[in-house]
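Have a look at the structure below, then the notes.
Rule-based calculations on the coordinates, nothing more; no lab input. Keep in mind it's a predicted model, so treat the numbers as computed, not measured. Cβ placement follows ideal geometry from the backbone for every residue including glycine, while neighbour counts extend to all protein chains displayed.
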Amino acid sequence: MARAFREIRGNITKLNPPHFASERNLWVMMVKENDQWIGLCSRNEEKIKAYHRQLETQQTAQNLNLTVQATTLTQERVKMAEYAFGILGQTPAQEIVQAVQFFNDHKAKQQTPTISEAADLFYDRQSKRELSEFTLRDYRRLVTNLKLTFGTKRVAELTASDVTQFIEAVPYPAGKRARFIYLRAFLQFCSGKGNHHANGSSWLIGNPLQWQAPRTEMKEISVLKFDEIVRLLRSASDHRVLPYFIFRLFSMVRTEEMIRFVAIHPTVNGHPLINLEAQRISITNQIFKKRSHNQHRGRFYNQLHPTFLKWLEYFAKQECSLDCSPEMAFEVKQMAGRPVAERNVLRHTAITYHCLLTRDPVKTAYVAGNSFGIIQNHYLNMNVPNEDVAKLYDLTPNRARELGIL
C-alpha cells in the first residue's frame with residue numbers, strides 16, 4: 001500500500017511543479033514550508049500532480065487569509081462552482097468571497113418576516129394583555145404607521161436611520177416621545193421578548209433604536225383654578241351631567257375607569273362598588289386595568305372626604321346618573337373655556353387638590369392609582385393657592401346652590 005504524502009501545514013512560501021528524476025525513476029516535487037525546503041517523492045505521476053494542485057490551492061488560500069478544508073461536494077457540484085467562477089471572469093478571488101458572504105447575510109435577512117407581518121403579530125399579543133382601551137388605540141396607531149411607512153420591508157433590514165426617521169416624522173416633541181416608547185416595545189418583541197413566533201431567536205440584526213429624546217422645556221402642569229371649576233360645574237349642571245364631573249373631581253379616577261365604573265351601574269343607589277355606610281369606594285381590577293406583573297390589583301378610596309360623601313348622598317337621594325358621554329364631556333369643558341389640548345385637566349386638578357389638601361402624597365398616589373413619581377412629574381401643580389383647595393373641599397351641595405351650580 002502506497003504511503004501518504006507528508007502533510008504540509010505551515011506557510012508555503014515556494015512551490016515547484018513535479019518533475020521526473022530518471023536516475024531514480026521517481027517523480028519529485030520541492031515545497032518550501034516556513035522557509036525550509038521539503039522534498040516529496042512518488043512513483044505515481046497522477047498522485048503527485050494531484051497533491052501539487054492541492055498545495056497550490058492551499059498556498060492561494062494562505063495568501064487570502066482563508067482556511068482550506070476537505071469538501072463534501074460531489075463532482076457535479078464542484079463543476080457547478082467552477083462554472084460559476086468562470087462566469088465571474090476576472091473578478092479577484094477576495095471580491096468573490098465578499099460577494100458570497102453578502103449573499104449569505106442577505107439570505108438570512110430574507111428569512112425574517114416583513115415589518116407588516118411582525119406588526120400584526122405584535123398587536124395580536126398586545127390585544128391579549130390587560131391593557132386599557134387608550135393604550136391599545138396607541139398600539140393600533142403604531143401598527144398602522146409601521147405598515148404605511150415600511151410595507152414589505154423585512155424586519156432584519158431595519159436600520160438605525162430608518163427608525164430615527166420614523167420617529168422624527170411626528171412634528172411635536174410629545175408625539176416623538178410617545179412613538180419612541182411604543183416603537184421600543186415593538187422592537188423588543190422583534191428581538192424575541194414575549195415572542196414565541198421567533199423560536200427563541202431575534203429577527204433583528206443589532207439594535208436599530210438609537211434615537212435620543214431632546215430635552216424638553218419645563219412647563220407648568222395645567223390645573224383648574226377654583227373659579228374655573230365653578231364655571232365648569234355650572235356648564236355641567238346646565239347639560240345635566242353634574243354628577244359625572246363631581247365624581248371625577250373628588251374620586252380622581254381616570255376617564256376610562258369612569259366609563260367602566262358607570263357601565264357596572266349608572267347610579268349611586270345600588271352600585272356594588274359604593275358603600276356609603278363604610279364611606280368607601282372600591283376600584284377593583286374590573287375598573288383599574290393598570291399594567292403590572294400581577295393583573296389582579298385594585299385599590300380603595302377609604303374614609304371618603306365629608307364633602308364628597310355629601311355629594312354621593314345627594315346624588316343617591318335624587319337618583320342621578322353618573323354617566324356622561326365623551327362628546328358631552330368635551331362640550332362641557334369647551335363651554336367652560338378650556339383649551340382642546342388639555343385632555344387630562346380634570347384628573348390633574350383632582351390629584352393636585354387632593355394632594356395639597358391631605359399633604360400625604362403616598363395616600364393620594366394610592367387612591368389615584370399612580371406612583372408618587374408619576375404624580376410629581378405629570379399631575380401635581382404646587383402653585384395652586386391653599387384658598388382654592390379649601391374652597392373646593394367646602395363645596396357641598398348647599399354651597400353649590402349659593403354659587404348657582406344647582
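Numerical summary
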| item | result |
| --- | --- |
| Phe189, Phe134 arranged by Cβ crowding within 10 Å, fewest neighbours leading | Phe134, Phe189 |
| Value of [θ]222 nm, deg cm²/dmol, for the chain, DSSP H segments ≥ 4, -39500 (n - 2.57) each, nearest 500 | -16000 deg cm²/dmol |
| DSSP loop GluC sites (Glu not before Pro) with at most 15 other Cβ within 10 Å excluded, longest remaining stretch of the chain | 24-129 |
| Low-density loop cleavage sites - trypsin sites (Lys or Arg not before Pro) in the range 152-211, where at most 12 other Cβ are within 10 Å (DSSP) | Lys193 |
| Violating pairs (Cα-Cα greater than 22 angstrom) within the set Lys14/Lys49; Lys176/Lys225; Lys310/Lys391; Lys128/Lys333; Lys147/Lys176; Lys317/Lys391 | Lys176/Lys225; Lys128/Lys333; Lys317/Lys391 |
| Top of Arg234, Arg43, Arg299 by mean-square fluctuation, Gaussian network on the chain, Cα under 10 Å | Arg43 |
| ³J(HN,Hα) computed for each position of the range 387-399 - Karplus, 6.51 cos²θ - 1.76 cosθ + 1.60, integer Hz, glycine/proline x | 5, 5, 4, 4, 5, 5, 7, 9, 7, 7, x, 5, 5 |
| Normalised contact order of the range 226-402, rounded percent, pairs of Cα under 8 Å and 6 or more residues apart | 29 |
| Whole-Å distance, taken between Cα centres, linking the range 32-67 and the range 357-380 | 79 |
| Long-range amide H partners of Leu224 with built H, under 5 Å | Thr349 |
| Among Thr60, Thr284, Thr149: highest mean-square fluctuation, GNM of the chain, C-alpha pairs under 10 Å | Thr60 |
| GNM result for the chain, Cα springs below 10 Å: residue of Ile274, Ile38, Ile205 fluctuating most strongly | Ile38 |
| Shape call, the range 115-198: gyration tensor on alpha carbons, a/c limit 1.5 | oblate |
